[in-house]
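The values are calculated or read from the model by the stated rules, or taken from the named source; none is laboratory data. Keep in mind it's a predicted model, so treat the numbers as computed, not measured. Every residue, glycine as well, gets a Cβ built from its backbone with ideal geometry; the counts of neighbours run over all protein chains shown.
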Amino acid sequence: MYPAQPWHKIVWSGNTIPRWSFILWLAVLQRLSTKDRLRSWGLQLDGTCPLCKSANETHQHLFFECSFSTIVWQHLATKNMILDMPSSLVEVLDWYCGQVNSKSLKSISLHCSLAATVYGLWRERNCRIFQGKVMGHDQVLNSIEADVRDFLSSRRKMKLSSENQSLCRNWGLSNRIFLPV
Ligand SMILES: [Zn+2]
């Protein structure tokens with residue numbers, strides 16, 4: 001579907017944790033078992049998105065077009081001081097390819113937020129379908145933010161710039177990220 005895949009090294013880089021990378025990788029390849037795929041294999045099931053209940057569940061809908069997911073992305077975009085998070089899987093690929101070798105805190109924060117959000121939305125979708133448990137977008141967002149904060153708080157030797165100090169405040173990180181190892 002996509003040529004050469006230069007992005008696969010980036011998806012698996014050290015800016016995320018393996019379980020996030022794994023789900024993100026499957027999402028980018030559109031290989032998660034979304035309802036549209038299950039139906040295409042002949043399974044008889046309700047194809048409605050479990051997050052918003054107002055559209056058919058596809059990869060593009062679930063992660064980027066769903067009203068539930070959009071609220072989560074918008075909060076994270078504000079924390080990361082950007083106008084928009086990616087709005088399609090193709091944009092994710094383009095974005096990843098532009099991040100090669102970037103070690104800035106903003107790049108790490110965006111990379112990590114993207115992977116943690118795709119993982120968090122997929123986890124919530126599965127909880128609703130398989131366990132009948134429902135969390136609101138506030139709870140899902142809190143959980144994703146806590147995951148990203150934990151990951152970022154272990155970073156060290158970040159440049160003491162105004163941008164990094166703002167990110168540090170937005171994510172509730174301590175000044176330890178500016179210390180040498
Ligand atoms: Zn939806």
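Cβ-Cβ under 9 Å, sequence separation 6+ or interchain: first residue in region 64-87 and in contact (Cβ under 8 Å) with a residue 12 or more places away in the chain and farther than 16 Å from L51 by Cβ, partner outside any helix (DSSP H, G or I) and charged (D, E, K, R). Which pairs?
That search, which allows pairs on different chains as well, returns nothing.
Given the condition more than 16 Å from H111 (Cβ to Cβ) and in contact (Cβ under 8 Å) with a residue 24 or more places away in the chain, answer yes or no: does some residue in region 129-139 qualify? Spell out the reasoning first.
Of all residues in region 129-139, those more than 16 Å from H111 (Cβ to Cβ) come to 129-139.
Then keep just the ones that are in contact (Cβ under 8 Å) with a residue 24 or more places away in the chain; that gives 129, 137.
Checked against the condition, which is being more than 16 Å from H111 (Cβ to Cβ) and in contact (Cβ under 8 Å) with a residue 24 or more places away in the chain, region 129-139 yields at least one hit.
Looking at region 37-127, what helices (runs of 4 or more DSSP H) fall wholly within it and have at least 3 residues that are within 14 Å of the ligand (Cβ to nearest atom), modelled with pLDDT of 90 or more and of a type outside the set (F, W, Y)? Spell out how you get there, then give the answer.
Details: elements: 67-79, 89-97, 105-126.
Filter on region 37-127 gives 67-79, 105-126.
Condition first: modelled with pLDDT of 90 or more and hydroxyl-bearing (S, T, Y). Now tell me which residues in region 1-36 satisfy that.
S33, T34
Inspect all residues belonging to region 46-66 and state whether any of them is polar (S, T, N, Q), under 21 Å from N142 (Cβ atoms) and under 15 Å from the mean Cα position of the chain (by Cα).
Initial filter on region 46-66 (polar (S, T, N, Q)): 48, 54, 56, 58, 60.
Okay, now just the ones that are also under 21 Å from N142 (Cβ atoms), so none.
No, there is no match, as no residue in region 46-66 is polar (S, T, N, Q), under 21 Å from N142 (Cβ atoms) and under 15 Å from the mean Cα position of the chain (by Cα).
Residues of region 149-174 being part of a loop (DSSP other than H, G, I, E, B) and either in contact with an Asp or Glu (Cβ under 9 Å, 6 or more places away or on another chain) or in contact (Cβ under 8 Å) with a residue 12 or more places away in the chain (or both), which ones? Before the answer, list the steps.
Residues of region 149-174 that are part of a loop (DSSP other than H, G, I, E, B), as a first pass: 154-161, 171-174.
Answer for region 149-174, where residues must be part of a loop (DSSP other than H, G, I, E, B) and either in contact with an Asp or Glu (Cβ under 9 Å, 6 or more places away or on another chain) or in contact (Cβ under 8 Å) with a residue 12 or more places away in the chain (or both): R155, R156, K157, M158, K159, L160, W171, G172, L173, S174.
So T117 clears everything in (1) farther than 25 Å from L173 by Cβ; (2) within 13 Å of the chain's Cα centre (by Cα); (3) buried (at least 22 other Cβ atoms within 10 Å of the Cβ) except one condition, right? Which one?
(1)
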